[in-house]
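Here's the structure, in C-alpha cells; my notes come after.
The values are calculated or read from the model by the stated rules, or taken from the named source; none is laboratory data. What you are looking at is a predicted structure, and each value in this text was computed from that prediction instead of being measured. Every residue, glycine among them, receives a Cβ derived from its backbone with ideal geometry; neighbour counts consider all protein chains shown. The protein model used for the area step is the full one, side chains on, heavy atoms only, and it has no ligands, DNA or RNA in it. Shrake-Rupley method; radii C 1.70, N 1.55, O 1.52, S 1.80 Å.
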Amino acid sequence: MTAFDLARAQFAFTVSFHFLFPAFSIGLASFLAVLEAQWLRTGSGVYANLYRYWLKIFAVVFGMGVVSGLVMSYQFGTNWSVFSDRAGPVIGPLMAYEVLTAFFLEAGFLGVMLFGITKVGRRLHFVATLAVAGGTFISAFWILSVNSWMQTPTGFEMAADGRFMPGPSWVAIIFNPSFPYRLVHTVLAAYLTTAFAVGGVGAWHLLRDAANPGARTMFSMAMWMAAIVAPLQIMAGDAHGINTLAWQPAKVMAMEGHFQSHPHGAPLILFGLPDQARQRVDYAVEVPKLSSLILKHDPDAPLGGLDRVPLADQPPVAIVFWAFRVMVGLGLAMAGLGLWSLVLRLRGRLHASPWLHRAAVAMGPAGFVAVLAGWVVTETGRQPYTVYGLLRTVHSVSPLAAPTVAISLAAFALVYFAVFGMGIVYLLKLMARPPQAHEATLDGIPIRSAGITPAPALDAPQPGAIGEHVA
Amino acid sequence: MTIPAGIDLTVIWAAIIGFAIVAYVVLDGFDLGIGILFPFIPAGPDRDTAMNSIAPVWDGNETWLVLGGGGLLAAFPLAYAIILPALYVPLITMLLGLVLRGVAFEFRWRDAGHRAWWDRAFALGSTLATFMQGAALGGLLQGVRVVGRGYAGGAWDWFSGFSMLTGISLVLGYALLGACWLNWKTAGSLQRRAVAHARRFGVLLLAAIGAVSLATLGLDADYAARWLALPNVLFTAQVPIATVITTALFYRSLSRGHEVQPFFWALALFGLCIAGLGISIWPDVVPMRVTIWQAAAPLRSQVFMLIGAGVMVPIILAYTGWAYWVFRGKVDGAGYH
C-alpha cells in the first residue's frame with residue numbers, strides 16, 4: 001500500500017468512528033431539551049427522570065465525540081496538507097466559524113448542563129441544555145457546508161497557482177448547491193438515529209416491565225419520531241438524490257449501478273453484482289423504467305450511464321452501490337416500523353405488543369448503520385476528487401512516507417478500538433439499566449442512589465429542581 | 001473591499017492566533033497538569049476531588065486548541081500545510097494522548113472495577129499530550145525543511161535533544177499550573193500536597209526556562225541576533241529579568257499561604273515564556289522559513305473571519321467566565337460529579 005492509500009484508510013477509519021458520536025449527540029441533545037421543556041411545562045417527574053437517565057448516556061457520547069473530533073480537525077493538515085493549502089482560503093473560514101459559533105457554545109455550557117443542575121436555577125439550566133443542543137446543530141451546519149462545498153464547489157475564484165480563493169460572496173460558498181439538501185438529510189438522519197436508539201432502549205425495558213413509566217414514555221416519544229421523521233427522511237433523500245443527479249451525475253450512476261446510458265428510460269437495479277472492470281452489473285434484478293421515474297419523475301426520461309465517464313474519473317462503483325442499498329433498505333425498514341407503531345398506537349396497543357418491541361430492539365442500531373452507509377455513499381461517490389471535478393484526492397495528500405502513515409493508522413486502530421470499544425460497553429451498560437423513579441444525576445458513581453432510595457409510586461411528580469435527589 | 005490604510009489584517013490575525021495559543025496554555029495547561037500530577041495523588045477521595053475540580057471546564061479549555069488549529073488553517077493555510085506534516089509524529093501522538101485523557105473523565109466513573117486503569121490512562125494521556133506539545137514547539141523552533149509550498153523533511157526531523165528539552169519543560173510547566181490550581185480549588189491533604197508540588201515544580205520550571213532560552217540562542221544566529229544585538233537587547237533583557245522577579249514573587253506568595261495568587265504568578269511565567277517565543281520568531285509563522293505575510297489567507301477570508309471573531313470571541317469569553325463562576329470556590333469532597 002502507498003502512503004496515499006494509507007492516508008485514505010486512516011481518514012475513513014477516524015471519520016467513521018467520529019461520525020457515530022455526533023450522529024447520536026445531535027439528536028440526543030435535542031431529545032434532552034424536549035424532555036427538560038416537558039418537565040418544566042408539566043412538572044411530571046417522569047420527564048425529569050428520563051432527562052437524568054439520558055444525560056448520563058449523553059455525557060459519555062459527547063466526550064467520545066469531542067476527542068474523536070479533535071483528531072479530525074488536525075488530520076486535514078497532517079494527512080491532507082496540499083488540500084489544506086489549496087482549499088484553506090475557502091473552507092478554513094467556515095471551519096473557524098464552526099469553532100467560534102458551535103464548539104465553544106457546546107463546551108462552555110456542557111459543564112453547566114452536566115454538573116450544574118444543583119448550582120443554577122432550573123430555567124438557567126434549561127438555557128444551558130438549549131445552548132448545547134443549539135451548538136450541536138450549528139456545528140452540523142458549518143461542517144456540512146464545508147463538506148457540501150467539496151462536493152459542489154461554487155463561489156470561488158481559481159488563483160494562478162491552483163489555489164481556491166473566495167469570490168465576492170460568502171453566501172455563494174456557504175449555501176452551495178448541495179448544502180441545503182445535505183443539511184436536511186443529515187440532521188434528519190441524526191434525529192432518526194437517536195429515535196431508534198431511544199426506541200430500542202425503551203422497547204428493551206418494556207419487554208421486561210411493561211409498566212415502567214420511563215420506558216413507556218421514551219418508547220412512545222421515539223415511535224412518534226419514527227412515524228413522522230422516517231417518511232420525511234425518504235422525501236428528503238429523494239430530493240437530495242435529484243440534486244446529486246444535477247451536480248454529480250457519476251455518483252448517482254454508481255449508486256444505481258448504471259454502467260450503460262438509457263435513452264428511453266432507465267431501469268431500477270434492485271440487486272446485482274457490479275463489475276467495474278468490465279463495466280457491467282452481473283445477475284441484475286431490475287424494475288424497468290423505475291429509476292427514470294424516481295430521478296426524473298418520468299418513466300421514459302433518458303438517463304446517462306458511466307459509459308460517458310472515463311474510468312479514471314469514476315468512483316468505486318461496488319462500494320457506493322452496496323452502501324446505498326444498505327442505507328435505503330434501513331430507511332424503508334425505519335418507515336415501516338414507524339407505520340406499524342402508529343397502527344398499534346391507534347389501537348391502544350403501543351405498550352402491549354411484544355413483537356413491535358422486539359423489532360424496535362433489533363432496529364436500535366439501525367440509524368448508526370444507515371448514517372455510516374449514507375456517509376460512505378456521498379464520500380466514496382465524490383471520488384476520485386476531494387474538491388469535485390477540480391482537485392483529485394491523489395493530488396491532495398501530504399508528502400509523508402508510507403511507514404509513517406502505516407504506524408499512525410495502526411495506533412489509531414489500537415487506541416480507538418480499545419477506548420471507544422470500552423465506551424460503547426459503558427453505554428450499553430447504562431442503557432441496560434431500567435429508568436428509575438429517582439434517577440440519579442451525573443454523580444460520580446453511577447446508580448449510587450438507586451440502591452438506597454425507597455421505591456415509591458413510580459411517576460410521582462417531583463417538586464424539586466431537576467437535579468435534586470428526592471428521597 | 002477597502003481597508004483603512006495602516007491596518008494590516010495579517011498582523012491582526014497573527015495576534016488573534018497568538019491570543020488563542022495564550023488562552024489555550026492558560027486554560028488547558030492546568031487541567032493537563034492535573035493529569036501529570038495524578039500519579040502523585042493517592043487514589044481515593046483526593047483523586048476524585050482533583051478530577052472534579054476540572055471536570056466541568058476541561059472540554060471548553062481544549063476547544064482553544066481546536067481554535068488554534070482551525071484558526072491556523074483559516075488565517076495562515078500555508079503554515080498549516082507545512083507545520084502539520086512536519087510535526088506529524090508529535091501531533092498524532094498528542095491527539096492520541098488527548099483521546100485517552102478525554103474519555104477518562106467519564107469512563108473512570110462508569111467502571112469502578114477499572115478505575116485504576118482509567119486513572120493511568122488519564123495520567124499517561126495528559127503527560128504524553130503535554131510532552132508532545134512541547135516537543136512539537138521545539139521541532140518547529142529548530143527549523144523545518146521547506147521546498148516550494150510543502151514540507152520536505154522526514155518524519156523524525158523534529159526529534160532532537162532540543163525538542164526533548166522543550167517537551168520536558170512543558171511537562172514541568174503544566175505540572176506547576178496544575179499544582180497551583182489544586183492549591184486554589186481544593187482543601188485539606190490534597191491542598192497541602194499541591195503546595196509541596198508547586199514548590200518543587202517552580203524551581204524545576206525556572207531551570208528549564210533557563211536551559212531552553214540558552215539552547216534557543218544556540219540554534220541559529222538569527223535568534224541570537226534578535227535577543228542580543230543592540231538596541232534590541234535593552235528591550236529583550238527585560239524578559240529574563242522579569243522571569244526571575246516573577247519566580248521570586250511566586251515563591252513569596254506561596255510561602256505566605258496565598259491560594260489564588262500563586263496560580264496567577266505561574267501564569268505570568270508562562271506569559272513571559274510566550275513573549276520570549278514571540279521575540280524569537282516574529283514575524284515568521286514557520287520560524288526562519290515563512291513569514292506571516294507569505295502564509296496569510298487572502299483578504300476576503302481575513303475580513304470574513306474577522307467579523308466572526310470580533311463578534312464571537314467576546315461572547316465566548318463572557319460565557320466561559322460565567323461557567324467558571326458557576327463552579328467557583330473550593331471543590332468539596334463529594335464534588336459536583
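Evaluate the relative contact order of the range B:194-273 (contact order divided by residue number), counting alpha-carbon pairs under 8 angstrom at least 6 apart; express in whole percent. Over the range B:194-273, the number comes to 26 percent.
With a Förster radius of 35 Å, plug the Cβ-Cβ distance of B:Asp8 and B:Ala229 into 1/(1 + (r/R0)^6) and report the FRET value to the nearest 0.05.
On the way: r = 25 Å, r/R0 = 0.71.
The value I calculate is 0.90.
Each principal axis of chain B carries a Cα extent, and these read 56, 41, 40 Å when sorted largest first. For chain B, the longest principal axis of the C-alpha atoms and the axis of helix B:58-75 are separated by about 10°. Taking the C-alpha atoms only, the angle from helix B:299-326 to the longest principal axis of chain B is near 20 degrees. To put it simply, the accessible area of the range A:225-392 at a 1.4 Å probe is 70 percent carbon and sulfur.
Hey, what's chain A come to in accessible area per residue, 1.4 Å probe, Å²? Intermediate values should be presented prior to the final figure.
Details: 17430 Å² over 471 residues.
Ligands and nucleic acids excluded, the figure is 37 Å² per residue.
Surface composition of the range B:166-268: carbon and sulfur make up 71 percent of the accessible area, probe 1.4 Å.
Between A:Phe271 and A:Val285, the built amide H atoms are under 5 Å apart, and every one of these is 5 or more places off in sequence or on another chain.
Where the alpha-carbon atoms of the protein assembly as shown are placed on the principal axes, they occupy 84, 73, 49 Å, in descending order.
Taking 7 Å steps out from each Cα toward its Cβ at A:Arg278 and A:Asp298 produces label points 3.5 nm apart.
What does the helix-only formula give at 222 nm for the protein assembly as shown: each DSSP H stretch with n ≥ 4 adding -39500 (n - 2.57), the total divided by the residues, and the result rounded to the nearest 500 deg cm²/dmol?
On the way: 28 runs with 561 residues, N = 808.
Per the formula, -24000 deg cm²/dmol.
Summary of the geometry: the range A:5-83 and the range A:91-134, compared by the centres of their Cα atoms, lie 13 Å apart. Accessible surface buried by the B/A pair amounts to about 6200 Å², both sides summed, 1.4 Å probe. Across the range A:225-392, C-alpha contacts under 8 Å between residues 6 or more apart give a mean separation that, scaled by the residue count, equals a relative contact order of 26 percent.
Relative contact order of the range B:9-326, taken over Cα pairs closer than 8 Å and 6 or more residues apart, is 23 percent.
Surface exposure of chain B, expressed per residue as accessible area with a 1.4 Å probe, stands at 37 Å².
Placing unit charges on each Cβ (+1 for Lys and Arg, -1 for Asp and Glu) gives the range B:9-326 a dipole about its Cα centre, and among B:Val11, B:Val146, B:Gly321 the Cα reaching farthest toward its positive end belongs to B:Gly321. Given the protein assembly as shown, what count of lysine pairs have C-alpha atoms under 26 Å apart, with each pair 8 or more places apart or on different chains? Close lysine pairs found across the protein assembly as shown: 9. Along chain A, the longest continuous region that contains none of the trypsin sites (Lys or Arg not before Pro) in a DSSP loop with at most 15 other C-beta atoms within 10 Å is A:1-277. Note on the protein assembly as shown: dipole from Cβ charges, positive end direction compared against B:Ala20, A:Val67, B:Val212; the farthest Cα belongs to A:Val67.
On average, how much area does the Cα convex hull of chain A cover when viewed from any direction, in nm²? Don't skip to the answer; put the middle values down first.
On the way: hull surface 96.8 nm².
Spelled out: convex hull of the Cα atoms, projected over all directions, averaged, 24.2 nm².
How much FRET efficiency would the formula 1/(1 + (r/R0)^6) give for B:Ala275 and B:Ala318, where r is the Cβ-Cβ distance and R0 is 35 Å, rounded to 0.05?
Taking R0 as 35 Å, the efficiency between B:Ala275 and B:Ala318 is 0.85.
For A:Ala401 and B:Ser160, a Förster radius of 22 Å and the Cβ-Cβ distance give a FRET efficiency of 0.70, rounded to the nearest 0.05.
When exposed loop sites are taken as trypsin sites (Lys or Arg not before Pro) in a DSSP loop with at most 10 other Cβ atoms within 10 Å, the longest stretch of chain B clear of them is B:1-255.
Backbone amide hydrogens, once placed in the peptide plane, bring A:Asn212 within less than 5 Å of nothing, excluding anything fewer than 5 places away on its chain.
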